[in-house]
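Chemist: Below you will find the structure I want to go over with you.
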Amino acid sequence: MKIAFIVGQFPALSVTFILNQITGLIDRGHEVDIYADERGESEKLHPSIEAYRLLDRTYYLPRVPTNLATRALNGVGLLAYILLRDPEVAWRSLNAFKYGKQAISLWLLYTGIPSFKKSYDIIHCQFGTQSYRGISFKTINSPKAKLIVNFRGHDISSFVQEKGDKIYDEVFKISDFFLVNCDFFRQKAIKLGCDSDKIVVHRSGLDCSKFIFTPRYPSPDGWVRVVTTGRLVDKKGIEYAIRAVAKQALDRHKVEYTIIGDGPLKEKFQNLIQELNISHFVKLVGWKNEREIIEILNRSHIFIAPSVTAQNGDRDAPTNVLKEAMAMGLPVISTVHGGIPELVEDGVSGFLVPERDVEALAEKLGYLIEHPEVWATMGQAGRDYVEKHYNLTHLNDRLIELYQQLLNSDKLNSDASVDRKSIDYINNH
């Protein structure tokens, strides 16, 4: 199969789940190209990007300005550029009689590629926010392709809150199929108007072989090492974890807390750490690559992921950092938030507490500190759950099965000539 991935930014350190799908498809003999709105980080590249030469497969489309006046003004220069190279594409992109809103809004102009010589079987939009770009890409460049839209988090939460409940109405009508990474977001999409027969849960997988399981036991020096990985943004809830760790450490325990990540709230957290007088055992260590993260997790005993619903409505799915920690045997503390309860079994692989509840976070952290005998059991339960439900190899195999069934049917529903048992299996596992 020939597959086009439509993304916002590439490369990006925070989207290993997309890399895992790309490399999995390539390993299985399929051709994958990446179309992005903008270039991402280039200083720290994921090893897979270099190993698979993914930048050679990446093409950058002109970013579509949100301001209509700017879009029109910039479109004049873009039109002149395309006219010189491929007049047919230029005029076709403006054919409002045939393409209606897509042409009038200039989305086709900004997405049409001069002298486009490729065709695809599948166009896979990796976020709902890229769905209109994907629709235009299919229309102007590869009209016979099947269009899949993947919802992953902010695109089905904060973006909807910002743009309104009708933002995906056209997407739901035009696209061929939809994927979500947890049932929480599947239900949200259906509530917004997505056909329940056209959307399945396809989890973001993890290569557990990269994350060696190690049972956790107390350190000889008596220190308990706690860790969090995530962007320093509102929805990660890191402020509440800092306060919870401070309560335990200042009361009676030898606790060291390492926070891996960077973001706009870094200065706020630095000030909070100073204010609480805990800078000697709470450290903000910035971004780390996968190898460095694994090294820190190997030295740690407990993982905290205190996700919250951000003020703009942004919510998390089951995050990769939680899966990685569980795969390595760390007991976890997280929140009843978004799709996280679909990953963490409360009282089995860790604990779930209400969002923004510092007291509850501190209480569960205190329990784990005082009962190290449960660490290994909880860690094993977490590893087993991730291996069973988030196995990257199995999930990549299922993705290909879904692609193939979609190509063999105009619509995945009860009237279509597809294997419904297989689709139901994908949806429920």
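Chemist: Is it the case that K98 is of a type outside the set (F, W, Y), surrounded by fewer than 18 Cβ atoms within 10 Å (Cβ to Cβ) and in contact (Cβ under 8 Å) with a residue 40 or more places away in the chain?
Modeler: Values: of a type outside the set (F, W, Y): yes; surrounded by fewer than 18 Cβ atoms within 10 Å (Cβ to Cβ): yes; in contact (Cβ under 8 Å) with a residue 40 or more places away in the chain: no.
For K98, the condition - of a type outside the set (F, W, Y), surrounded by fewer than 18 Cβ atoms within 10 Å (Cβ to Cβ) and in contact (Cβ under 8 Å) with a residue 40 or more places away in the chain - is not met.
Chemist: I've got another one for you. Are there helices (runs of 4 or more DSSP H) fully within the range 149-221 with at least 3 residues that are in contact with a helix residue (DSSP H, G or I) (Cβ under 7 Å, 6 or more places away or on another chain)? List them.
Modeler: On the way: elements: 158-163, 169-174, 183-192.
By residue number, 183-192.
Chemist: Do we find that L365 is more than 22 Å from the chain's Cα centre (by Cα) and part of a helix (DSSP H, G or I) in this structure? Quick ask: steps written out before the conclusion?
Modeler: Numbers: more than 22 Å from the chain's Cα centre (by Cα): yes; part of a helix (DSSP H, G or I): yes.
Yes; evaluated as a whole, the condition is true for this residue.
Chemist: I need the full set of residues from the range 107-158 which are aromatic (F, W, Y) and surrounded by fewer than 20 Cβ atoms within 10 Å (Cβ to Cβ), in order please.
Modeler: The first filter runs over the range 107-158 and keeps only residues aromatic (F, W, Y), leaving 107, 110, 116, 120, 127, 132, 137, 151.
Hit for the range 107-158 is F116, nothing else.
Chemist: For the range 253-274, which positions are among the aliphatic types (A, V, I, L, M), touching a strand residue (DSSP E or B) at 6+ places or on another chain (Cβ under 8 Å) and not in a strand (DSSP E or B)? Walk me through how you get there before you give the answer.
Modeler: Of all residues in the range 253-274, those among the aliphatic types (A, V, I, L, M) come to 255, 259-260, 265, 272-273.
If we keep only those that are touching a strand residue (DSSP E or B) at 6+ places or on another chain (Cβ under 8 Å) as well, we get 255, 259-260, 273.
Result: I273, single match.
Chemist: A further question on this structure: Provide a single number: the residues in the range 319-329 that are under 23 Å from E162 (Cα atoms) and modelled with pLDDT of 90 or more. Step through it out loud before you land on a result.
Modeler: Pass one, the range 319-329, residues under 23 Å from E162 (Cα atoms): 319.
Keeping just the survivors that are modelled with pLDDT of 90 or more gives none.
Qualifying residue count, the range 319-329: 0.
Chemist: On to the next question. Can you tell me which condition I423 does not meet? The list is (1) under 30 Å from V226 (Cα atoms); (2) at pLDDT below 95; (3) hydrophobic (A, V, I, L, M, F, W, C), and all the others hold.
Modeler: Answer for I423: the failing condition is (1).
Chemist: Restricted to the range 231-242, and to residues that are on the phi < 0 side of the Ramachandran plot and part of a loop (DSSP other than H, G, I, E, B), which residue is surrounded by the most Cβ atoms within 10 Å (Cβ to Cβ)? Break it down into steps so the answer makes sense when it comes.
Modeler: Taking the range 231-242 and keeping what is on the phi < 0 side of the Ramachandran plot, we get 231-236, 238-242.
From what's left, part of a loop (DSSP other than H, G, I, E, B): 231-233.
Details: R231: 17, L232: 22, V233: 15.
Within the range 231-242, the match that is surrounded by the most Cβ atoms within 10 Å (Cβ to Cβ) is L232.
Chemist: Looking only at the range 172-199, which residues are buried (at least 21 other Cβ atoms within 10 Å of the Cβ) and more than 19 Å from D314 (Cα to Cα)?
Modeler: Within the range 172-199, the subset buried (at least 21 other Cβ atoms within 10 Å of the Cβ) is 175, 177-182, 184-186, 189, 194, 199.
Scanning the range 172-199 gives S175, F177, F178, C194, I199.
Chemist: Would you please list the contacts, defined by Cβ atoms under 8 Å and residues six or more apart or on different chains, that run from a residue in the range 197-219 that is in contact (Cβ under 8 Å) with a residue 12 or more places away in the chain to a residue that is assigned to a helix (DSSP H, G or I) and of a type in the set (S, T, Y)?
Modeler: From the range 197-219, the pairs are G205/T393; D207/T393.
Chemist: Here's a follow-up. Restricted to the range 200-209, and to residues that are at pLDDT 95 or above and either more than 19 Å from D316 (Cα to Cα) or of a type in the set (A, V, I, L, M) (or both), which residue is surrounded by the most Cβ atoms within 10 Å (Cβ to Cβ)?
Modeler: The selected residue is V200.
Residue-wise test of (1) among the small types (G, A, S); (2) modelled with pLDDT of 95 or more.
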position	(1), (2)
P62	no, no
L106	no, yes
P114	no, no
S119	yes, no
G134	yes, yes
K146	no, yes
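The values are calculated or read from the model by the stated rules, or taken from the named source; none is laboratory data. On a predicted model such as this, the values are computed, not experimentally measured, just so you know. Positions of Cβ are backbone-derived with ideal geometry, glycine not excepted, and every protein chain shown enters the neighbour counts.
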